[in-house]
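FYI, it's all coordinate maths here, none of it is from the lab. Quick caveat: nothing in here was measured; it's all calculated off a predicted structure. With ideal geometry, Cβ positions are generated from the backbone for all residues, glycine too; neighbour counts draw on all protein chains shown.
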């Protein structure tokens with residue numbers, strides 16, 4: 001079997017531009033030609049390296065990414081924290097759980113991510129599908145990430161404020 005081809009910026013945009021709703025800097029992505037690597041997830045441990053654009057505050061409520069008390073949700077947290085998510089998110093995740101279970105076999109799809117420190121991945125889209133995989137640990141899956149290796153700065157992706165060192169006052 002041949003190694004996967006590295007996706008181009010144009011292919012990434014064609015596949016995901018309309019779906020990505022987080023603060024991804026498309027202009028810099030194209031102007032600076034950020035590289036994209038292909039990463040395959042096959043285990044629950046692999047999923048545990050992924051973070052959603054969903055944030056929980058100190059009161060256990062969903063909050064925006066820029067709320068002072070916002071904590072990013074890791075995919076491994078979804079099964080125990082799903083009740084903290086909005087009813088719409090929970091329903092969407094459950095729909096995918098049911099679809100994947102009914103379909104049987106290996107679940108396969110592609111998802112766009114942004115590279116985080118220490119081998120982490122910030123999910124740009126397909127959060128509900130990936131969350132469903134954590135809710136159904138018996139499912140076999142092979143998720144192909146198109147992982148953008150952009151700069152580790154909030155001007156590249158707004159949500160990166162959670163992975164940057166605190167700014168000096």
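Using 1/(1 + (r/R0)^6) with R0 = 45 angstrom and r between the beta carbons of residue 90 and residue 10, what's the FRET efficiency to the nearest 0.05? It comes to 0.80.
Before anything else, pin down the relative contact order of the stretch 6-67: Cα pairs under 8 Å, at least 6 apart, normalised by residue count, whole percent.
Values: 28 pairs, mean separation 18.0, N = 62.
Reported as a whole number, the value is 29 percent.
Applying 0.36 nm per residue to the separation of residue 155 and residue 31 and subtracting their alpha-carbon distance, the gain on full extension is 43.3 nm.
If you take the square roots of the eigenvalues of the alpha-carbon gyration tensor of the chain and sort them as a ≥ b ≥ c, do you get rounded (a/c under 1.5), prolate (a/b over b/c) or oblate? The shape class here is oblate.
Just want to confirm a number: the relative contact order over the stretch 1-150, from Cα pairs under 8 angstrom separated by 6+ residues, in percent. Could you put the intermediate results ahead of the total?
Working: 240 pairs, mean separation 46.2, N = 150.
Reported as a whole number, the value is 31 percent.
How do 73, 135 rank when sorted from fewest to most other Cβ atoms within 10 Å of their own Cβ?
Working: 73 23, 135 17.
Placing the least packed residue first, the sequence is 135, 73.
Using a Förster radius of 22 Å, what is the FRET efficiency between residue 83 and residue 45 based on their Cβ-Cβ separation? Nearest 0.05, please. Don't jump to the answer; show the numbers that get you there.
Values: r = 24 Å, r/R0 = 1.09.
Here the calculated transfer efficiency is 0.40.
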